[in-house]
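Since the structure comes first, as structure tokens, the remarks are kept for the end.
The values are calculated or read from the model by the stated rules, or taken from the named source; none is laboratory data. What you are looking at is a predicted structure, and each value in this text was computed from that prediction instead of being measured. Positions of Cβ are generated from backbone atoms using ideal geometry, with glycine treated the same way; all protein chains shown enter the neighbour counts. Keep in mind that these areas ignore ligands, DNA and RNA; they rest on the heavy atoms of the full protein, side chains included. Shrake-Rupley method; radii C 1.70, N 1.55, O 1.52, S 1.80 Å.
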Amino acid sequence: MQSDEAIPKVRKIDAARRQLDEAIRLWMEGRDPLAIHTLTMAAFGILYDITDHQNLLQNNDPLILLLSRVGRREFRKLGSFLKHADKDPLASYMEPPVQEHEYRIGFALLLYRRLVGDLTPEMGAFHLTMLSTYPEL
């Protein structure tokens with residue numbers, strides 16, 4: 001049996017970074033949007049909770065305004081559908097367009113940068129791609 005010292009530990013912020021970086025790599029490779037969504041929303045959940053716990057979100061924050069307009073339940077609806085089969089195991093869900101996954105990644109990046117102060121290379125590449133793809137946003 002291993003001692004507790006031999007078992008690697010991961011901090012929540014590091015878990016979120018790894019999930020988000022992997023989601024971005026999958027997105028760049030044109031891989032499965034549902035896997036991208038699952039990783040993105042897992043990272044977003046961690047980042048949102050940490051940001052909220054540190055009181056870094058204000059009522060006029062663009063993210064809070066979006067979540068208020070869209071609704072937190074609606075924002076997390078697909079993620080909840082993908083995680084839980086106990087309520088309706090035969091249900092189906094309309095797959096959202098890739099842009100929805102992209103803006104969820106973008107919001108997770110905003111939270112990550114707010115917490116850490118910088119972006120990983122994957123996050124930076126994604127951010128630059130979005131700036132050139134959607135300059136109006």
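Once the GluC sites (Glu not before Pro) in DSSP loops with at most 13 neighbouring Cβ atoms within 10 Å are cut out of the chain, the longest remaining piece is 30-135. Tell me which lysines have Cα within less than 29 Å of residue 9's Cα, excluding those fewer than 8 residues away on the same chain? Leaving aside lysines fewer than 8 places away in the same chain, those within reach of residue 9 are 83.
Candidate cross-link partners of residue 77 among the lysines, defined by an alpha-carbon separation under 21 Å and a same-chain spacing of 8 or more, comprise 87. In the chain, the calculated helix contribution to ellipticity at 222 nm averages -21000 deg cm²/dmol per residue, counting -39,500 (n - 2.57) for every DSSP H run with n ≥ 4. The label point for residue 31 and the one for residue 87, both projected 7 Å from the Cα toward the Cβ, are 2.8 nm apart. Over the C-alpha trace of the chain, radius of gyration and Dmax come out as 16.1, 56 angstrom. Per residue, the solvent-accessible area of the chain (1.4 Å probe, heavy atoms of protein chains only, all protein chains present) comes to 67 Å².
A Cβ-based charge dipole, computed about the Cα centre of segment 95-137 with Lys and Arg at +1 and Asp and Glu at -1, lands at about 200 debye.
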